1. Quick test of your reading of the structure: residue B:141 fulfils all but one of (1) touching a helix residue (DSSP H, G or I) at 6+ places or on another chain (Cβ under 6 Å); (2) more than 8 Å from chain A (Cβ to nearest Cβ); (3) more than 18 Å from residue A:142 (Cα to Cα). Name the failing condition by number.
2. Looking only at residues in region A:92-116 that are surrounded by fewer than 21 Cβ atoms within 10 Å (Cβ to Cβ) and at the interface with chain B (Cβ under 8 Å from one of its Cβ atoms), which one is farthest from the chain's Cα centre (by Cα)?
3. For residue B:58, only one of the following conditions fails: (1) within 14 Å of chain A (Cβ to nearest Cβ); (2) touching a strand residue (DSSP E or B) at 6+ places or on another chain (Cβ under 8 Å). What is its number?
4. Could you check how many residues of region A:40-89 are closer than 24 Å to residue A:27 by Cα and without any contact (Cβ under 8 Å) to a residue 60 or more places away in the chain?
5. Restricting to helices (runs of 4 or more DSSP H) lying wholly in region B:48-158: which have 2 or more residues that are surrounded by fewer than 19 Cβ atoms within 10 Å (Cβ to Cβ)?
6. Kindly indicate whether any position in region B:77-100 is within 8 Å of chain A (Cβ to nearest Cβ), more than 14 Å from the chain's Cα centre (by Cα) and at negative phi.
7. I'd like to check something: does region A:10-33 contain any residue that is surrounded by 22 or more Cβ atoms within 10 Å (Cβ to Cβ), part of a helix (DSSP H, G or I), within 14 Å of chain B (Cβ to nearest Cβ) and in contact (Cβ under 8 Å) with a residue 24 or more places away in the chain?
């Protein structure tokens, strides 16, 4: 069974409690529950983690090879400036899909650039929590289309 | 779960391909893959049937034709799946057309535009779209259709 790692970055633990007009009402746990249900439907496994620390995300990515078949990452604000994260994704030799809850292109200019996007398979942004589920669909489908 | 199909009225969506996408499968297959536009459309059609919605397809190489088509989607379709091709990166007219249409639009790209030339990293239409999906080949369209159909895949609200 294919297994995927889902990483949410800084402040994602506060989902549902901050800026709900942008990020929606649901919590990160709701997203994780949704991913689990979708994984069951697809016949794959998911493991969901959240870190506020850049270093912890890097540690997690570095240990993903051999244990997972791909990674979904919502790096939050780190997406826009973390070259260390970019290097870690580039080095990990697993397909990575970048997701955003909000449409980053409709927000402040500094959010229009992701330094991670060029080392990811693709990007899904703007569909609320559904962005994560679509990313799981995308990873599960890789290699079959 | 597939609420869109269960309400008696079948929702209707438009799938719009911009310039040069009619050449899919014939040009730069290293970037865009070997699939033709017609075979991608067949996949989207099959997915739509599964989701209980109907779709129509439109392709034009002309910016003006695309603007006109999108304008005329107003009040007529529930949403638009749009791969605007190169117009994505510079067409203010297309952006204004999307805003004027008042229809939810999902932007899709076959390739990961962020892996390519710098001029492709900017999308003029992204700020007026619901969201963007890129990099998954023909499957970007399938994901885009699922994204457009709000009722699907919402386990956190149930």
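Read the figures in this text as sums done on the coordinates, not as results from a lab. Quantities reported herein were computed from a predicted structural model and do not represent experimental measurements. Neighbour counts are summed over all protein chains in view; Cβ atoms, including those assigned to glycine, are modelled from backbone coordinates with ideal geometry.
1. Residue B:141 satisfies every listed condition except (3).
2. A:106
3. (1)
4. Count: 18.
5. Of the helices (runs of 4 or more DSSP H) lying wholly inside region B:48-158, those with at least 2 residues that are surrounded by fewer than 19 Cβ atoms within 10 Å (Cβ to Cβ) span B:63-71, B:92-101.
6. Within region B:77-100, none of the residues are within 8 Å of chain A (Cβ to nearest Cβ), more than 14 Å from the chain's Cα centre (by Cα) and at negative phi.
7. For region A:10-33, residues surrounded by 22 or more Cβ atoms within 10 Å (Cβ to Cβ), part of a helix (DSSP H, G or I), within 14 Å of chain B (Cβ to nearest Cβ) and in contact (Cβ under 8 Å) with a residue 24 or more places away in the chain: present.
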